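What follows draws every value from the coordinates through simple rules; no lab data is involved. Bear in mind the structure is a predicted one, so any value in this text is a computation, not a measurement. So basically every Cβ, Gly included, is an ideal-geometry build from the backbone, and we count neighbours across all protein chains shown.
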Amino acid sequence: MERYEKKMAEMFKRTQEVPAPSAPIQSPKITAEPEPQAQAQIQPEVGYEIISEEPKVGAEDPLVSAAMQTVDWEARRDKRGNLSVYALPSGDLGGNYEVAGINDRYHPQAFKKISSLPAEQRERAAAEYIREYTSPFVNQLPEQIRPFAQDMAFNRGAGGATKYIQQGLNSLGQRVAVDGRLGPQTLQAIQGVEPGALMQAASQAQLQDEYARARSSPERRKFLQGLENRINKRLSLFGSV
């Protein structure tokens, strides 16, 4: 334990901010997906309720409750059920250490803060951080897909989640550029599809991407089953509207 604490202390001194990277689903047979540039006429709004006030982070925020589920999916726990700090395996690309998916590479300050808390306080702090970290992206979206998008954005970054949504939109007949930017064309196109269909299509887009990553980097193949399980769990819990 003394050696771990010494190693953690040395790691914190070196920590600098690094920007984040950018029904069950069957494993895909991947084909290259074009990135259309033209935008078709947007259909009328379907199935969404737009709310004017953004939810506040706090005890009553339903997205903090949703983030608690993200924490549970990411967590490793000690014998008392509290969040543990753990070393990451080779090929993970998230740095050296992590607590509930909050790693020392992409979330260095949050990792330092949360890992230094008493173990019984880490879970709530991690959920509130996930809510805060994803809120600039999530708060622009319709209410029905926010819990789903929040977990996807934490899992693959806001840019990655946006690309999966854009690919999903195109598969549902919309025409948007797949550029990872949540601009007015993408937001308008979201209103033209059913939320459940969009979440299903975005999940399929992520699964295809995970398989493509594994083909280009064989070291990532060991993570495929866990990622596929995560995608299906997210869709099962948050994808029914």
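So what is log10(I(q)/I(0)) for region 152-191 at q = 0.14, 0.30 1/Å, when the Debye sum runs over its Cα atoms only?
The Cα Debye sum returns log10 ratios of -0.25, -0.99.
With charges set only on the Cβ (+1 for Lys and Arg, -1 for Asp and Glu), what does the dipole of region 55-139 come to about its Cα centre, in debye to the nearest 20?
Computed charge dipole of region 55-139: roughly 200 debye.
Hey, with R₀ at 35 Å, roughly what FRET efficiency would residue 194 and residue 93 work out to, going by the Cβ-Cβ distance, to 0.05?
With R0 = 35 Å, the Cβ-Cβ based efficiency is 0.55.
Ordered by residue, what ³J(HN,Hα) values in Hz, to whole numbers, does region 213-226 give under the Karplus form 6.51 cos²θ - 1.76 cosθ + 1.60, where θ = phi - 60° and Gly and Pro are x?
Couplings: 4, 5, 5, 7, 9, x, 5, 7, 4, 5, 8, 4, 5, x Hz.
Expressed in nm to one decimal, what extension gain is obtained for the pair residue 61 and residue 84 from 0.36 nm per residue of sequence separation less their Cα-Cα distance?
Value of the extension gain: 5.8 nm.
Which one, 196, 139, 180, projects farthest toward the positive side of the charge dipole computed for region 127-241 from Cβ point charges (K/R +1, D/E -1)?
180
On each of the three principal axes of the Cα atoms of region 141-241, give max minus min coordinate, whole Å, ordered largest first.
Taking the Cα atoms of region 141-241, the three principal extents are 38, 28, 21 Å.
Counting only residues 5 or more places away or on other chains, whose amide H sits under 5 Å from the amide H of residue 77 once H atoms are built in the peptide plane?
For residue 77, the qualifying residues are 84.
In whole Hz, with x marking every Gly and Pro, tabulate ³J(HN,Hα) for region 63-78 from phi via Karplus 6.51 cos²θ - 1.76 cosθ + 1.60, θ = phi - 60°.
6, 5, 4, 5, 5, 4, 5, 4, 4, 5, 5, 7, 6, 10, 10, 7
Report the gain in length on full extension from residue 216 to residue 119: 0.36 nm times residue separation, minus Cα-Cα distance, nm rounded to one decimal. Don't jump to the answer; show the numbers that get you there.
Working: separation 97, 0.36 × 97 = 34.92 nm, distance 3.79 nm.
The span from residue 216 to residue 119 would gain 31.1 nm if fully extended.
Size of the dipole of region 141-241 about the Cα centre, Lys and Arg at +1 and Asp and Glu at -1 on the beta carbon, nothing else charged, in debye to 20?
320
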